[in-house]
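Let me begin by presenting the structure, written as structure tokens, before commenting on it.
Nothing in this text is a laboratory measurement; each read-out follows from the coordinates by a stated rule. Here the structure is a predicted model, which is why all the values come from computation and not from measurement. We place every Cβ from the backbone using ideal geometry, glycine too, and count neighbours over all the protein chains shown.
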Amino acid sequence: MHQYTIETDRLILRPLTVADAPAVFVWNSDPEVNRYMSYPLYTDVEQTRTWLRSVEGARERDGYDFGFVRKEDGLLIGSGGVYRKKGKWWRRRWWTLGYNLRRDCWGMGYATEAARAMVDFAHRKRGARIFIAEHAVDNPASGRVMEKCGMVFHHHGQYAKLDGSATFPSRSYRLEL
């Protein structure tokens, strides 16, 4: 697990811990938040603890997971990360990013603020230059976050939930710094 903290105007991005399980369970158990996510809907806070233990044990070289804490009240409102990948398309390393927020924090610019900060962090800390992200076609709000981060549409594709319960047509975006 990494020990980095990023500060933005309204957020503190910090490492997630198992102690965050009750707060994280608020969004990873919400069917509306989960609708287009790759992970299956969590039905028990222990599933959240199991995932957070895996995050705590992750190797820094593979990526960085962050909890998004709202400065004004200290509430953990979401999570996300940037992760290093080896891409067939580019024949060189690229990074992907993701984000996830409590539903009552949607539409307030928090996802864009956090995503921009994570891209900047990976660029400065690890020299990341190429970022790829995708969203379900039926979730255009996520695409707007990507566009606000400077990403441009690259191609159509699809992705599936990890448990295979759903497949989504997607739009992929690319940013090269």
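The lysine pair tally for the chain, using Cα distances under 28 Å and a gap of 8 or more places or different chains, is 13.
The shape of segment 98-163 comes out oblate: with a ≥ b ≥ c from the C-alpha gyration tensor, a/c is at least 1.5 while a/b does not beat b/c.
Using just its DSSP H runs of length 4 or more, each adding -39500 (n - 2.57), the chain gives a mean residue ellipticity at 222 nm of -8500 deg cm²/dmol after division by all residues. Computed from label points 7 Å out along Cα-Cβ, the spacing between residue 54 and residue 123 is 3.0 nm.
May I have the convex hull volume per residue, in Å³, for the Cα set of segment 25-104?
120
For segment 23-113, trypsin sites (Lys or Arg not before Pro) meeting the loop criterion (DSSP other than H, G, I, E, B) and having at most 16 other Cβ atoms within 10 Å: 35, 59, 71, 88, 91, 92. In this entry, the chain is assigned a mean projected area of 9.6 nm², taken as a quarter of its C-alpha convex hull surface.
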